[in-house]
Amino acid sequence: MAERRGELPLPLPIVAHTAIALACALLYALSPSAWLQAVRAEVYALHALLAFGVVHQLLAWDAGDAAALGRASLLFGLGLGNHHLLMLLVGAVALPWAASRPRRREIVRSVPFALVALALLVAYLPIRASRGPEVDWGAPTTPARLAWLLSAAPFQRTASTYAALQPLGERLAALLWTLVSSLGLGVAAASLGGLWLLLRLRATRPAGVLLAGVALANLVSPALVGFDPQNPDAHGYALAALAVGVLGAAALAAGALAILAHARPAAGRVAARLVPILAAVALLPAARGTGDGADLSRAFGADLVVREVLDATPPGATLVTHDFQTAFGLWYLRRAEGARPDVTHVHAGFMGFPGYATPARRAALADPTAVVEYDDHIPDARLAHLAPAGLVLRPDGSLGEHRARWLRLDARLARLPPDAQTRRAILWARYRAARYFCRRAMLGPARDEIAAARALSRSPLLDRLERACERGTLPP
């Protein structure tokens, strides 16, 4: 029988199929972006699982499995409850793709699966909030609060502010560079060839359209929220495009091998036997790429930093934090490890959230004896009554205690392995301390803090702060 134009000529040997599939899975799993999401408590690893569960089930449905569309709808509803923005980007491609198929009635019958899954997750939120948990984001026990939570209002403000500061071209360039760095230049180039091949061949064109659409939709996310390669969350936003890139490279390998086996059967058999070796070689850069930036196995220092905040807080005192990282660390220490139940903790950044600003928290926030984490929004009149004590400010603090606490903390950190997470926490603490001393016109201590920060980073922000301090001002 004559071959039809645009179709793949021959199937691959099972060993080649297995090796390519295994290499594809490992290449994704060992990439720095995916590895980073696998070792932290975030929504992005689960999002990737649900998103590509949707894609997989849609392709199974297109291949003739009628029940697969219901499973895709169920996974989509679960994904909306996990990270609705990223899942809506998948839906913006998946729904038109499915609607373009001839079986539109099956789409209508599958919608209740998504609605039921999403409704169950949404209904759980007020039930859990009614139990008074420590982490009660928006306290969604009323319709208005539930709507506030589902709209992701605080994240919208943060994202719009960050996106306004970063030009669109810079955002896209940072995302593309992250993807190429995660995959390697060779695999990234192969992924484009593989997507072209999927779109070129009649049998694989539906899969190519769906995968390319999901990748392009994923590239929209930097236009919405910005993209900072130093922010772990940004890598989570890139997971869908990363997975499509890996699948594209696998498609090119499989297609090239099938074409070779058809044109030169003997050469194709040799190439098929070499596939496992070539796949192992391709994985070597990925295995090395999981390095320090994605490895949290030695990240003990951040815990030590948050404990230092508690150590500087007297028994029974009120602790007012301004850095959300400190607040999250305190939540863990207090709830999971039972640390310092005598301390009343209030996070100033959450006072505008529904349900958080109770009368007791408002009173604690105004407590003149409270221990306070520095922030530029603290009024000058309040700041005048606070003195440094390591990572916090206290009414009874002093410059001597501040330096003694830092010496002890630095000595403890020196005994720990290098850790990027801790380094960033210490850098931020030093920078905040320098801003405090600048506001108090204490130029000598401010220079000391800037010098300590420079040992961790050569950021131009430190030079800018030092020049402003010498002029008696403070940069925004």
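The values are calculated or read from the model by the stated rules, or taken from the named source; none is laboratory data. These numbers come from a predicted model, not from an experiment. We place every Cβ from the backbone using ideal geometry, glycine too, and count neighbours over all the protein chains shown. Surface accessibility is based on the protein's heavy atoms, side chains included, excluding ligands, DNA and RNA. Shrake-Rupley method; radii C 1.70, N 1.55, O 1.52, S 1.80 Å.
A few remarks follow.
- Residue match in segment 65-73 (condition: part of a helix (DSSP H, G or I), surrounded by 15 or more Cβ atoms within 10 Å (Cβ to Cβ) and either basic (Lys, Arg) or in contact with a Gly (Cβ under 6 Å, 6 or more places away or on another chain) (or both)): yes
- Any hit, segment 349-367, residues being part of a strand (DSSP E or B) and more than 28 Å from the chain's Cα centre (by Cα): no
Yes/no per residue for (1) surrounded by 13 or more Cβ atoms within 10 Å (Cβ to Cβ); (2) at pLDDT below 95:
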position: ALA381; (1), (2): no, yes
position: HIS385; (1), (2): no, yes
position: PRO388; (1), (2): yes, no
position: ARG394; (1), (2): yes, no
position: TRP406; (1), (2): yes, no
position: ALA414; (1), (2): no, yes
position: GLN421; (1), (2): yes, yes
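- Which listed residue is of a type in the set (A, V, I, L, M, F, W, C), within 18 Å of ALA63 (Cβ to Cβ) and out of contact with any His (no Cβ under 8 Å at 6 or more places or on another chain), from LEU185, LEU172, LEU195, LEU199: LEU199
- Qualifying residue in segment 426-438 (condition: touching a residue at least 40 places away in the same chain (Cβ under 8 Å), among the β-branched types (Val, Ile, Thr) and open to solvent by less than 40 Å² (accessible area, probe 1.4 Å)): yes
- Of all the numbered requirements in (1) among the small types (Gly, Ala, Ser); (2) at pLDDT below 90; (3) out of contact with any His (no Cβ under 9 Å at 6 or more places or on another chain), GLY316 misses one, and that requirement is (2).
- Evaluating LEU85 against the criteria (1) part of a helix (DSSP H, G or I); (2) of a type outside the set (Gly, Ala, Ser); (3) under 20 Å from GLY208 (Cβ atoms) leaves one unmet condition, (3).
- Among the residues of segment 103-130, just one is at pLDDT below 90 and part of a loop (DSSP other than H, G, I, E, B), namely ARG103.
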